[in-house]
Amino acid sequence: MLLNITPDHLDRYESFEAYAAAKERLFAMSSGLQVDLRSPANAGAQCSAEDGTGLLRSQENWPALQGPHNALNVRAAVRTCLHLGLDEDKIEESLRTYPGLPHRMERVRELGGVLFVNDSKATNPEAAAPALAAYPRIRWIVGGQAKTRELGDTAKHLDHVVRAYTIGEAGPMFADLLEARGIAVTRAETLENAVKCARKDSQAGETVLLSPACASFDQFRDFEARGDAFKALVGAL
C-alpha cells in the first residue's frame, strides 16, 4: 500500500515526476498488484470519506497514532485488516497498544505533564508538518541541514507552535523565517541547548517536539543518531 508521495530526494532525480515514476515501478514489478497513484490531498479525501466501521472513531485511545495523518493511516490499515479477515477486537487492541516506530513521532517520556516526542525521521518540511498538526501546544526543535529554504507545509500549522528552538546549519534561516511569521524563537544552535531550554520553558499540557524538517548530516551521522541523542538528553532530565 502506497499512502502518498511528497517531494524528496530530488537531488537524485530529474524532477518530482521522475521520483513518483520510480515509486510506481516498484508496483509495476510486482505481480497481481494494481497501481493507483494519487496526490496526497486526493488520496486523503478519498480515504476519509470511507468510514465503514466504528473502529475509526476512537483516535484519542491510540497514544502512538495522533494527528490527522495518522487518522488516514489507520483508515488504510483497518481497511486492509478487514479485507484480510482479521477480528475487529484484535484490530482495536492493536491500535490502542501500538508503541509506534523509533524516530517517527515516538513518545519518549512525560515529565511534569510535558510530553517529549522524537520525530527525527522528519527530514523535510512536508514530513514535519503532520507532527505539528498532531499536538495543540508545541515547543518545536527545528533545523539541521536544509533541503529547502522555505517552511513548506509546516507553515500551515504554526498556530500550534508556542516557541521554536532552532539548531544546526539551517538554524538561522529557520529562525528568520519563523520570526517573520510572528513565532517566538530561541536560537539554540545545538540539540542539547534546545532540549534544556525547551524543558525550562515548557508547561504542563505542552509537547516538546523534535521534528527538524532537515537532514541531520551537519551535526549527526544520520537521523537515527540525532533521534537517539534526543532520547538520551530527555532521559537525563
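The values are calculated or read from the model by the stated rules, or taken from the named source; none is laboratory data. Values in this document were obtained by computation on a predicted structure and should not be read as measured data. Reconstructed Cβ throughout: ideal geometry from the backbone, glycine too, with neighbour counts over all protein chains shown.
Applying the selection to the stretch 158-174, what residues are buried (at least 21 other Cβ atoms within 10 Å of the Cβ) and either out of contact with any Pro (no Cβ under 8 Å at 6 or more places or on another chain) or at pLDDT below 95 (or both)? Lay out the reasoning, then the answer.
First, the residues of the stretch 158-174 that are buried (at least 21 other Cβ atoms within 10 Å of the Cβ): 161, 164-168, 170-171, 174.
Residues satisfying the conditions are 161, 164, 165, 170, 171, 174.
Given the conditions (1) closer than 15 Å to residue 114 by Cβ; (2) aromatic (Phe, Trp, Tyr); (3) not in a helix (DSSP H, G or I), which single one is not true for residue 217?
(1)
Which pairs have Cβ atoms under 9 Å, sit 6 or more apart or on different chains, and link a residue in the stretch 155-184 that is touching a residue at least 40 places away in the same chain (Cβ under 8 Å) and under 13 Å from residue 211 (Cβ atoms) to one that is assigned to a helix (DSSP H, G or I) and among the aromatic types (Phe, Trp, Tyr)?
Listed by first residue and then by second, the contacts come to 167/174.
Sort out which residues of the stretch 113-145 are closer than 13 Å to residue 214 by Cβ and of a type in the set (Gly, Ala, Ser), and write them in order of number. Walk me through how you get there before you give the answer.
Kept after step one, since they are closer than 13 Å to residue 214 by Cβ, are these residues of the stretch 113-145: 119-128, 140-145.
If the condition is that a residue be closer than 13 Å to residue 214 by Cβ and of a type in the set (Gly, Ala, Ser), then 120, 122, 127, 128, 143, 144 are the ones that fit.
Does any residue in the stretch 57-69 that is without any contact (Cβ under 8 Å) to a residue 12 or more places away in the chain come within less than 9 Å, Cβ to Cβ, of a residue that is charged (D, E, K, R) six or more places away or on a different chain, and which pairs are these?
Close Cβ pairs satisfying both conditions: 57/51.
Out of the residues in the stretch 219-235 that are of a type outside the set (D, E, K, R) and in contact with a helix residue (DSSP H, G or I) (Cβ under 8 Å, 6 or more places away or on another chain), state the one that is surrounded by the fewest Cβ atoms within 10 Å (Cβ to Cβ).
Going residue by residue through the stretch 219-235, those that are of a type outside the set (D, E, K, R) are 219-220, 223, 225, 227, 229-230, 232-235.
With the extra rule that they be in contact with a helix residue (DSSP H, G or I) (Cβ under 8 Å, 6 or more places away or on another chain), the set shrinks to 219-220, 229-230, 233-234.
Working: 219: 17, 220: 21, 229: 20, 230: 27, 233: 19, 234: 19.
The residue in question is 219.
Do we find that residue 198 is outside any helix (DSSP H, G or I) and farther than 20 Å from residue 124 by Cβ in this structure? Don't jump to the end; show me each part of the working.
Working: outside any helix (DSSP H, G or I): no; farther than 20 Å from residue 124 by Cβ: yes.
It is false that residue 198 is outside any helix (DSSP H, G or I) and farther than 20 Å from residue 124 by Cβ.
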